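The values are calculated or read from the model by the stated rules, or taken from the named source; none is laboratory data. For clarity, every value in this text was computed on a predicted model and none was experimentally measured. Positions of Cβ are backbone-derived with ideal geometry, glycine not excepted, and every protein chain shown enters the neighbour counts. Areas reflect the complete protein model, heavy atoms only, side chains present, ligands, DNA and RNA absent. Shrake-Rupley method; radii C 1.70, N 1.55, O 1.52, S 1.80 Å.
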Amino acid sequence: MSHPDASVPWGRPAVDSIPLPPFADPDEHVRFTRALQLHVALTDEGAPSLAAKVLAEALALQGQGAELTPLELTVALSTFFPAPWTPAALAAALEPRDRFGPRELGDGSWAWLYDPDFTAVPRPGGGWEVERHERGSRRAYASLEHEGDLVLMWMDHYQTRFAYPYAWRADERAAAALAEPARAVRRAHAADAAKPYLANWRAEREQYLAR
């Protein structure tokens, strides 16, 4: 059984230097957030995109407490942020977000979600065998090659891919009313993207990604 979804970056490496919640002090939280901002900027393929710039600013306004804010967790899940999550660490971060979050079964296995729900059993030599259960049926779902792939599967299962307006039918009257202002903002953003500070960033981004 292969991976169920090619849109998940299976096997991507983690970055051990990124601190995990609960953070020991505000500096650890700042380091996490700065790494998250940089990850968003590096994965963005725009000049940069306006959305990526807005998200960077929103992340800068987050708190410095021991736990992640809802926005930080949402961004980390949606971008497959490569903090050195263990299953236990990510399960703890997901606990306040979803009452059907991952739960350890006591034998090294994990279960999560509900109808459908899933169980992951460690494979000899590493990785996981994942089974899906729905309305009384049970079937093999995926064979995960790497230890960290279970964390990536949870990031996929607990993110919201279909927030409005993506995969929705947008309100046509609202979209028509917003079209002219949107065009004006796109022109303004294009002018900003042509400025030296963003030209410098694009060059730096490509240098970082080429390493």
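Take the Cα of residue 113, go 7 Å toward its beta carbon, and the backbone nitrogen atoms of segment 1-41 under 16 Å from that spot belong to 2-9. Charge dipole of segment 68-107 (Cα centre as origin; +1 on each Lys and Arg Cβ, -1 on each Asp and Glu Cβ, all else neutral): 100 debye, rounded to the nearest 20. Positive contributions from Lys and Arg (+1) and negative ones from Asp and Glu (-1), summed over other residues with Cβ under 12 Å from the Cβ of residue 93, come out at -3.
Annotation: extensible slack from residue 121 through residue 177 equals 15.0 nm (criterion: 0.36 nm per residue apart, minus Cα-Cα distance). Note on the chain: dipole from Cβ charges, positive end direction compared against 102, 56, 19; the farthest Cα belongs to 56.
Ordering of 14-21, 144-151, 89-96 by packing is 144-151, 89-96, 14-21, highest average first (other Cβ atoms within 10 Å, averaged per residue). Note: relative contact order over the chain, using C-alpha pairs below 8 Å and six or more positions apart, is 21 percent. Heavy-atom accessible area for residue 74, with the other protein chains in place and a 1.4 Å probe, reaches approximately 50 Å². Given a 1.4 Å probe and the protein chains as shown, residue 164 ends up with an accessible area of around 120 Å². Among the listed values (1) 18.0; (2) 15.1; (3) 11.5, the one computed from these coordinates for mean projected area of the Cα convex hull in nm² is (2). Taking every protein chain into account, the 1.4 Å probe leaves residue 195 with about 100 Å² of accessible area, to the nearest ten. Computed from the C-beta positions of residue 67 and residue 103 and an R0 of 25 Å, the FRET efficiency is 0.85 to the nearest 0.05. The long axis of helix 50-60 is offset from the longest Cα principal axis of the chain by roughly 70 degrees.
If you line up the long axis of helix 26-43 against the longest principal axis of the chain, both from Cα atoms, how many degrees apart are they, to the nearest 10? So the inclination is approximately 70 degrees.
Compared with the dominant principal axis of the Cα atoms in the chain, helix 149-158 is inclined by about 60°. Inter-part distance, segment 8-46 to segment 185-211, computed on C-alpha centroids, equals 21 Å. Protection proxy ranking for 65-72, 187-194, 123-130, using the average of other Cβ atoms within 10 Å per residue and placing the highest first: 65-72, 123-130, 187-194. Is it possible to state the helix-based mean residue ellipticity at 222 nm for the chain, with each DSSP H run of 4+ residues giving -39500 (n - 2.57), the sum divided by total residues, to the nearest 500 deg cm²/dmol? What is it? -14000 deg cm²/dmol, from helical runs alone. Extension gain for the segment residue 5 to residue 34, taken as residue separation times 0.36 nm less the Cα-Cα distance, is 7.5 nm to one decimal.
Enter the accessible area per residue of the chain (Å², integer; probe 1.4 Å; all protein chains in place).
Values: 12750 Å² over 211 residues.
About 60 Å² of surface per residue is accessible.
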